[in-house]
Amino acid sequence: MQEDTPKPLSPPEAAPPEAPLPQEPVRNIKDFTLEGLTDWMKARGQPAFRARQVFQWLYQKHVRNFDEMTNISKDFRELLRRHFHLGLLEVAAVKESADGSRKFAFALEDGKLIEAVLMPNNTHFTVCISSQVGCAMGCGFCSTARMGLQRNLTTGEIVQQAVELARQAHLDGDDRIIRNIVFMGMGEPLHNYDNLVSALHILQDDHGFGLSSRRITVSTSGLVPGINRLARDDVRIMLAVSLNGVTDEMRSRLMPVNRRWKIAELLQACRNIPSPNRTRITFEYVMLEGETDGLENARKLVRLLHGLKCKVNLIPYNPHPGSPYRPSTPEHCREFQRVLLEKGLLATLRISKGQDIQAACGQLITGIPAARGAKRQATTA
Ligand code: SF4
């Protein structure tokens, strides 16, 4: 029997080329709350305290480079660098007021500009920060409204404004700390609800910025669903409501948001905030000559706010080029305030800071051309 000729061995099949590992995008580490960062660390076998350490470096020591995190191993810093950037903001311009306030224009990664203001007091700083690029609310007396809404800020972009302002203050050798943050810069904060709330977590976290809820004021034009959500989610902040009118007709003329949510609905949402978190609400009232400042409006304001734990903050109008409105005289503002006080309503008259640099309330608008090719500064060095 003829033996079968052995068949030549077929060459081994070539191994399929190794599929590249899916690459995770490099993310802004400041978009993470402490809880989120802790989960990320745990998924990589790290203890929870590692996230707390990183948080302190980010928000208390304002590091600009992962290598400054000296109590974290080199290998782990390298891992952080591969997955995250530090979300730094480029200072595109600074203007200083005679009263010591400084307005910063920050360039975002996409070249858009936002503004934030650092305001000195005797013992501390208050900062005013933005929540959106531009604003959709269209309030007639506000410069920012003219930009329209360009986009929401991310959580990281919101908190980095406070971090950068704290760093700027320290760069000058000033050891005063930031004690108050007000969301009265560009944008309607409740229109960017999720990112706002994450930013509030970071700003209030003891390992983060460490501010008490009474030191953070969120100002809204009156987005009723947002106020309801704050109440439902038990978000603790000081609430300021931009009221600016005592009848729907008057308020709708100044603030288009009132065509959707009328004064009665707005005030009901304020009354519905559960009492444990219903700290004194501030109602802001801009003093426009012949428009809002009639003394009969002061009396109507008293009736509207009856029974609400609140105060009224009268805001002298800061005119800007092209505005159809004129400011009330200081004497008239004081007269309006006197009527409120006589009727038992707590009322203050705001001293606007930074008026000479267009940094006062309603004046934030980036008149600076968008920074060409603006980029994160040395985010991953
Ligand atoms: S006042 Fe506030 S809510 Fe109204 S347009 Fe200006 S930034 Fe937006």
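For the reader, a short list of remarks on this structure follows.
- Relative compactness, the chain, computed as alpha-carbon Rg over 2.2 N^0.38 Å: 1.24
- Direction-averaged projected area, Cα convex hull, the range 27-85: 3.5 nm², rounded to one decimal.
- Per-pair calculated FRET efficiency, R0 = 30 Å: residue 35 and residue 177 via Cβ, rounded to 0.05: 0.75
- Neighbour-count order for 263, 202, fewest beta carbons within 10 angstrom listed first: 263, 202
- The slack between residue 146 and residue 229, meaning 0.36 nm per residue of separation minus the straight C-alpha distance, is 27.1 nm.
- The length gained on full extension between residue 214 and residue 79, counted as 0.36 nm times the residue separation minus their Cα-Cα distance, comes to 44.9 nm.
- Taken as Cα centroids, the range 165-222 and the range 54-129 sit 12 Å apart, rounded to the nearest whole angstrom.
- For the chain, the longest piece that avoids every one of the GluC sites (Glu not before Pro) found in DSSP loops with at most 10 other C-beta atoms within 10 Å covers 19-381.
- FRET E, pair residue 43, residue 248, Förster distance 51 Å, beta-carbon r, rounded to 0.05: 0.50
- The range 156-255 shape via C-alpha gyration tensor axes, a/c threshold 1.5: prolate
- Using a Förster distance of 45 Å, the FRET efficiency for residue 342-residue 70 (Cβ separation, nearest 0.05): 0.15
- Potential lengthening of the chain between residue 27 and residue 289 amounts to 89.5 nm, from the contour at 0.36 nm per residue minus the alpha-carbon distance.
- Here is how the number arises for the chain: DSSP H runs of 4 or more residues each give -39500 (n - 2.57), the sum is divided by the residue count, and the result at 222 nm is -9000 deg cm²/dmol.
Read-outs throughout are calculated quantities, based only on the coordinates presented, and are distinct from any laboratory measurement. Predicted, not measured: the structure shown is a model, and the values here were computed from it. Note: ideal-geometry Cβ built from the backbone for every residue, glycine included; neighbour counts use all protein chains shown.
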